[in-house]
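First the structure, in the form of structure tokens, and then the observations on it.
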Protein chains: 2
Amino acid sequence: MRIAVIAGGVGGARFVRGLREAVRRASDIDPLAGAAIDVIVNTGDDWWLAGLRITPDFDSMLYTLSGQNDEQRGWGRVGESERVAGELQAWGVTPEWFTLGDLDLGTHIARTSWLRAGETPSQVAARLQQRWELGVRLHPATDQEVDTHVIIAGDRGAAAGSREIHFQEWWTRYRAALPAAGFVQHGVDRAVPSEGALDALLDADVILVAPSNPVVSIGTQLSIPGMLEAITAEPAPIVGVSPIIGGASVRGMAEACLAAIGVAVDAGAIARHYGLRRDAGLLDGWLVAEEDAALVDGLEADGFAARAVPLWMRDLDTAAALASEAVAFALGLSS
Amino acid sequence: MRIAVIAGGVGGARFVRGLREAVRRASDIDPLAGAAIDVIVNTGDDWWLAGLRITPDFDSMLYTLSGQNDEQRGWGRVGESERVAGELQAWGVTPEWFTLGDLDLGTHIARTSWLRAGETPSQVAARLQQRWELGVRLHPATDQEVDTHVIIAGDRGAAAGSREIHFQEWWTRYRAALPAAGFVQHGVDRAVPSEGALDALLDADVILVAPSNPVVSIGTQLSIPGMLEAITAEPAPIVGVSPIIGGASVRGMAEACLAAIGVAVDAGAIARHYGLRRDAGLLDGWLVAEEDAALVDGLEADGFAARAVPLWMRDLDTAAALASEAVAFALGLSS
């Protein structure tokens with residue numbers, strides 16, 4: 001079996017790590033046994049800083065799946081230090097609100113050197129995955145640079161006095177607290193899904209949408225021309241996992257993104273935002289949290305296959321159980 | 001008074017620091033009082049590594065004159081660490097024999113980001129000098145990239161089986177122990193002296209050639225079309241300081257460079273290699289070490305103004321005294 005996962009960074013990485021674990025634990029008669037996992041990773045958070053190409057979601061995947069991540073902090077490398085960061089700030093090439101760790105900088109320098117040498121983001125991603133045995137394959141959603149920007153609402157509303165900043169500034173510097181009037185991805189019209197993403201979708205028996213930010217992690221990928229069509233082109237069932245539990249986002253700040261596009265912080269509202277595949281939307285099925293079990297009937301009435309399951313990924317066991325549920329749910333839809 | 005110094009890295013930096021100190025100590029009636037110092041810095045050691053532009057001689061100047069240098073080690077930043085270097089080597093983008101310090105990497109990243117943004121090496125050099133009060137102005141010899149390569153003599157001599165490596169590999173990896181058949185600077189024909197260098201030479205009352213490597217520090221600068229002409233165009237006296245004391249180079253390894261171009265490791269031979277200004281060469285005067293005082297008469301007979309002085313720069317006092325001697329000697333030539 002081949003499983004394709006559409007995912008963002010930290011939350012997506014935990015989900016994929018759980019899925020990898022579920023595959024590892026699968027008995028020979030379990031359909032998950034020996035399953036191959038391809039992850040299509042959001043590139044909307046990527047940016048240039050101090051002449052270096054930074055890809056936060058890809059790196060979260062890489063570090064989490066390789067065991068190099070800092071579990072305490074939730075992001076970045078374990079054992080990280082910040083000696084270079086002080087220099088970069090002293091030279092004025094990085095802002096105070098964005099600290100690059102030393103170990104992490106090694107990744108950025110290597111990536112940038114390969115990009116500068118003419119390799120595509122997909123080729124670079126393939127190189128970066130060779131260092132550690134990940135057990136999954138990671139594909140940037142697109143090889144084109146389509147960084148997300150945020151339109152900041154002006155004092156008198158977006159129409160008057162609005163300005164635009166890079167998503168990373170909004171997210172990291174302002175902690176998403178500046179009211180956003182919307183998101184833009186300059187150049188997205190010229191982007192196409194990466195070959196690795198297309199191949200993974202073409203070959204997939206099951207497609208999962210990770211419990212990542214619906215706007216700036218999943219939404220940015222769906223906005224790439226041809227991506228939604230590629231996801232829904234084959235008969236493989238598509239099941240999403242809600243990033244909202246009991247009316248709040250699992251990892252915070254998604255609320256601000258949803259507010260900017262007028263979607264309620266509600267597991268049902270997000271499923272409807274993604275839309276039903278048969279109506280040119282994304283989903284066949286949708287997993288909500290047990291806390292949101294009351295939403296299942298309404299979703300089913302609207303045509304979504306829906307189920308309430310334990311959604312908190314507290315540890316590897318719960319993440320593996322959730323991923324296993326998602327696959328089983330999807331396989332049930334396709335049979 | 002304005003003093004222009006043509007210099008390489010570590011040894012040149014010590015000389016310039018001594019000159020700055022001599023100016024600081026000068027009494028009001030000393031001609032050195034209030035003298036402005038412009039340093040034309042060798043760019044022949046520069047190279048690209050892991051997508052970063054590294055300029056060893058400029059950085060030696062910057063760190064030495066700012067007090068940021070590691071006096072014990074003789075190069076690099078004080079309090080340096082090497083956390084990123086291990087990552088870069090693990091990613092395979094830097095060789096094991098060239099370690100980039102963390103603090104130093106900050107400089108390289110900043111420099112490269114400004115270069116990538118379209119600034120010239122001179123503009124970048126100006127930026128880098130703003131962080132600390134140097135008391136001198138540093139100018140890259142040229143804004144064109146003319147990195148030095150070394151022709152390695154083959155087993156049967158240079159003609160058969162010779163190969164070429166970057167100077168940094170020869171110098172740092174092989175410690176200049178691979179027999180060199182010569183040096184090449186690809187693209188030097190298209191290079192010109194930087195504007196800062198030309199302005200400094202035009203305005204100079206005294207021009208000093210630091211006791212730097214005559215081949216790969218001073219020689220590379222003289223090979224830039226128009227540089228020798230610019231140095232010798234004005235009447236300002238030109239005095240060089242020998243990098244050889246008692247038949248050995250002060251900082252080692254210059255011997256291998258001299259051997260490659262067929263010049264003896266001898267203070268007199270180097271003066272004759274530089275040549276007399278009146279014969280389309282470089283020098284009016286030449287300072288040799290007290291240990292080499294026996295060479296003075298021969299040099300004088302050949303037309304060089306020559307003097308034997310204490311040449312070891314053991315500390316700031318001796319470096320200041322040497323620089324002061326060089327300026328006084330030059331002023332004596334012009335009067």
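The numbers here are math on the coordinates, done by the rules we state, and not lab data. This one's a predicted model, so the numbers in the text were calculated from it and none came from an experiment. Virtual Cβ from ideal backbone geometry, glycine too; neighbours counted across all protein chains shown.
Some values worked out for this structure:
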item	result
Positive-pole candidate from A:324, A:296, A:275, dipole of region A:263-335, charges at beta carbon	A:275
Lys, Arg +1 and Asp, Glu -1 on Cβ, resulting dipole of the protein assembly as shown about Cα centre, debye, nearest 20	80 debye
Label geometry 7 Å along the beta-carbon vector: residue B:318 inter-copy distances in nm	6.9
Under the Karplus curve 6.51 cos²θ - 1.76 cosθ + 1.60, θ = phi - 60°, whole-Hz ³J(HN,Hα) for region A:89-99, x wherever Gly or Pro sits	6, 5, 7, x, 9, 10, x, 4, 8, 10, 9
Inter-centroid distance (Cα atoms) of region A:83-160 relative to region B:1-60, Å	37 Å
Chain A, helix-only ellipticity at 222 nm - DSSP H runs n ≥ 4, -39,500 (n - 2.57), divided by all residues, nearest 500	-10000 deg cm²/dmol
Dipole of chain A, positive end: most advanced residue of A:122, A:245, A:108 [Cβ charges, Cα centre]	A:108
Stokes-Einstein D (µm²/s) once Rh is taken as the Kirkwood radius of region B:16-145 over alpha-carbon pairs, at 20 °C in 1.002 mPa s	134 µm²/s
Built amide H within the under 5 Å cut-off of residue A:286, gap 5+	A:240, A:305, A:306, A:307
Estimated vicinal HN-Hα couplings, Hz - region A:180-195 in sequence order (Karplus 6.51, -1.76, 1.60; Gly, Pro = x)	9, 8, x, 10, 10, 10, 4, x, 4, 4, 9, 8, 9, x, 5, 4
Mean separation of Cα contacts under 8 Å (6+ apart) over length of chain B, as relative contact order %	20 percent
Net +/- balance of residues flanking residue B:292 in space, Cβ distance below 12 Å, scoring K and R +1, D and E -1	-3
Prolate/oblate/rounded call for region A:169-260, Cα gyration tensor, a/c under 1.5 rounded	oblate
Inter-chain shielding of B:110-123 (mean C-beta neighbours from other protein chains, 10 Å cut-off)	3
Residues with amide H under 5 Å from that of residue A:180, placed H, sequence gap 5 or more	A:153
Three-way shape call for region B:211-331 based on the alpha-carbon gyration tensor, with the a/c threshold at 1.5	rounded
For chain A, the longest site-free run once trypsin sites (Lys or Arg not before Pro) in DSSP loop states with at most 12 other Cβ atoms within 10 Å are removed	A:176-313
Cα-based Rg of the protein assembly as shown normalised by 2.2 N^0.38 Å, two decimals	1.23
Test item: Cα-centred dipole of region B:41-142, Lys/Arg +1 and Asp/Glu -1 on Cβ, debye	380 debye
GNM result for chain A, Cα springs below 10 Å: residue of A:267, A:210, A:181 fluctuating most strongly	A:181
Alpha-carbon Rg/Rh ratio, for chain A, with Rh computed the Kirkwood way	0.95
Residue A:24 paired with residue A:294, simple spin-label distance in nm, labels 7 Å along Cα-to-beta-carbon	3.9 nm
Placed amide H near residue A:249: partners under 5 Å, 5+ positions off or other chain	A:255
Dipole of region A:160-236, positive end: most advanced residue of A:215, A:168, A:225 [Cβ charges, Cα centre]	A:168
Debye equation applied to the C-alpha atoms of region A:18-70, log10 I(q)/I(0) at 0.23, 0.28 Å⁻¹	-0.91, -1.06
Charge tally in the Cβ shell below 12 Å around residue A:123, where Lys, Arg are +1 and Asp, Glu are -1, residue A:123 excluded	-1
Cβ-placed point charges (K, R +1; D, E -1), dipole of region A:119-243 about Cα centre in debye, nearest 20	580 debye
Other protein chain Cβ atoms within 10 Å, averaged over every residue that makes up B:79-89	5
Label geometry 7 Å along the beta-carbon vector: residue B:192 inter-copy distances in nm	4.4
Exam field: residue A:174 pseudo-label spacings to other copies (7 Å along Cα-Cβ), nanometres	5.7
HN-Hα J in Hz across region A:308-322 - Karplus 6.51, -1.76, 1.60, θ = phi - 60°, x for Gly and Pro	9, 9, x, 10, 5, 9, 6, 7, 5, 4, 5, 5, 5, 5, 4
